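See below for the structure under consideration.
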Amino acid sequence: PQKKKRPKLPNFPAPHFAMPPIHEDNLEKV
Amino acid sequence: LKDVAVAELHELLCKKLQQCCVLFDFLDCVADLKGKEIKRAALNELVECVATNRGVLIEPVYPEIIKMISVNIFRTLPPTENPEFDPEEDEPNLEPSWPHLQLVYEFFLRFLESPDFQPSVAKRYVDQKFVLMLLELFDSEDPREREYLKTILHRVYGKFLGLRAYIRKQCNNIFLRFIYETEHFNGVAELLEILGSIINGFALPLKTEHKHFLVRVLIPLHSVKSLSIFHAQLAYCVVQFLEKDATLTEHVIRGLLKYWPKTCTQKEVMFLGEIEEILDVIEPSQFVKVQEPLFKQIARCISSPHFQVAERALYFWNNEYILSLIEDNCHTVLPAIFGTLYRVSKEHWN
């Protein structure tokens with residue numbers, strides 16, 4: 001089955017806190 | 001600083017930095033109001049100066065900047081007055097010197113984010129000892145301080161390649177001490193937020209060190225009493241790992257089943273939420289490896305007398321992708337849950 005993203009449950013908000021990723025190999029210009 | 005001639009700017013900047021090394025007592029809110037105002041104004045000038053001007057950050061200024069920051073932020077944190085402090089219920093003790101401290105943190109951020117900022121110069125001063133003391137501040141009860149620390153450490157991790165392994169190791173130590181010794185550290189959620197962005201950026205294939213972090217730290221973190229404070233960030237880190245390397249799925253799910261809460265229904269609802277997030281990204285080939293023990297646990301949750309647990313477990317059938325996984329494997333899943341479903345439909349009180 002094709003992977004479908006789940007419907008956002010009313011009381012489970014998407015993570016508002018996700019910070020910009022920091023790539024392991026190169027010096028990230030954060 | 002705005003009015004001085006460019007030639008004298010750096011000299012005046014260093015004097016203001018030294019001036020801001022003077023500390024004030026904010027517990028006595030009437031003491032030395034004049035002095036506090038002078039320092040506040042000076043800090044504001046420093047923030048403004050670094051944020052707007054180019055060419056301010058020349059090498060001789062770096063040690064003065066780091067000294068001023070260190071003198072102000074590195075301090076012994078006040079002990080938690082009431083040992084029964086419940087982070088979920090009680091109001092945190094806010095930092096009395098926040099009027100100055102906030103500006104120091106703001107200045108530190110502007111310094112790190114300045115286009116003139118040079119890690120090669122700064123790394124003489126922002127070293128392992130500095131970073132260790134920064135990490136210890138994450139135990140501050142003041143959420144505003146932890147918010148700044150989180151952004152600052154995220155920038156430091158991004159800009160100082162040579163400190164990354166050390167920062168990861170020290171975070172490991174903080175978590176392990178928190179899990180197995182103190183069960184008390186205020187900044188777990190903030191550290192996990194930073195780690196979420198680090199995991200997100202991991203190169204493939206994953207290094208063994210990182211897999212060990214998942215197995216030896218992230219999974220055992222689920223066993224801690226105050227899980228609710230950082231569970232969202234913890235679940236996010238776990239899912240990031242699985243999106244990086246799906247072969248870790250079985251280990252994660254068996255770990256969660258091993259740590260499944262027996263007496264705390266609030267935690268059980270959180271675990272079910274996390275399981276659903278994992279199932280959202282699971283590969284069908286991984287699902288078949290864990291479906292049996294997993295649905296036996298889900299069946300136990302369906303029959304839980306606590307209706308929120310039962311409801312959260314039944315909610316899985318509202319998820320199209322999970323439903324499709326169940327349908328493709330009904331010969332295994334159905335026997336695990338049908339008996340319970342039938343009994344519950346007859347006997348459950350709610």
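The values are calculated or read from the model by the stated rules, or taken from the named source; none is laboratory data. Just so it is clear, the structure is predicted and the values come from calculations on it, not from any experiment. All Cβ positions, even for glycine, are placed from backbone atoms using ideal geometry, and neighbour counts span all protein chains on display.
When you scan the stretch B:198-209, how many residues do you find that are assigned to a helix (DSSP H, G or I) and under 17 Å from residue B:163 (Cβ atoms)?
So the count comes out to 2.
Please list, ordered by residue number, the helices (runs of 4 or more DSSP H) wholly in the stretch B:218-325 having 2 or more residues that are touching a strand residue (DSSP E or B) at 6+ places or on another chain (Cβ under 8 Å) and closer than 24 Å to residue B:194 by Cβ. Answer list for the stretch B:218-325: none. Beta carbons closer than 7 Å, at least 6 apart along the sequence or on distinct chains, pair a first residue in the stretch B:219-242 that is farther than 17 Å from residue B:89 by Cα and at pLDDT 95 or above with a second that is polar (S, T, N, Q) and crowded, with 21+ Cβ neighbours inside 10 Å for B:242/B:249.
Are there any pairs with C-beta distances below 7 angstrom linking a residue in the stretch B:144-162 that is closer than 14 Å to residue B:198 by Cβ to a residue that is among the polar types (S, T, N, Q) and in a helix (DSSP H, G or I), with the two at least 6 apart or on different chains, and if so which? Pairs that qualify, where the first residue is closer than 14 Å to residue B:198 by Cβ and the partner is among the polar types (S, T, N, Q) and in a helix (DSSP H, G or I), are B:154/B:197.
Report the residue count in the stretch B:209-218 for those that are charged (D, E, K, R) and either buried (at least 16 other Cβ atoms within 10 Å of the Cβ) or at pLDDT below 95 (or both).
We begin by selecting, within the stretch B:209-218, every residue charged (D, E, K, R); these are B:209, B:211, B:216.
From what is left, the residues that are either buried (at least 16 other Cβ atoms within 10 Å of the Cβ) or at pLDDT below 95 (or both) are B:211.
Going through the stretch B:209-218 one residue at a time, the tally reaches 1.
Remark: pairs (first residue in the stretch B:253-267, among the hydroxyl-bearing types (Ser, Thr, Tyr); second residue part of a loop (DSSP other than H, G, I, E, B); Cβ separation under 9 Å; 6+ apart in sequence or on different chains) = B:259/B:219; B:265/B:304; B:265/B:306. A single member of B:278, B:298, B:282, B:229 is hydrophobic (A, V, I, L, M, F, W, C) and at the interface with another protein chain (Cβ under 10 Å from one of its Cβ atoms), and it is B:282. So, in the stretch B:150-188, of the ones that are under 22 Å from residue B:81 (Cβ atoms) and under 15 Å from the mean Cα position of the chain (by Cα), which residue ends up farthest from the other protein chains (Cβ to nearest Cβ)? Across the stretch B:150-188, the extreme among qualifying residues is B:184.
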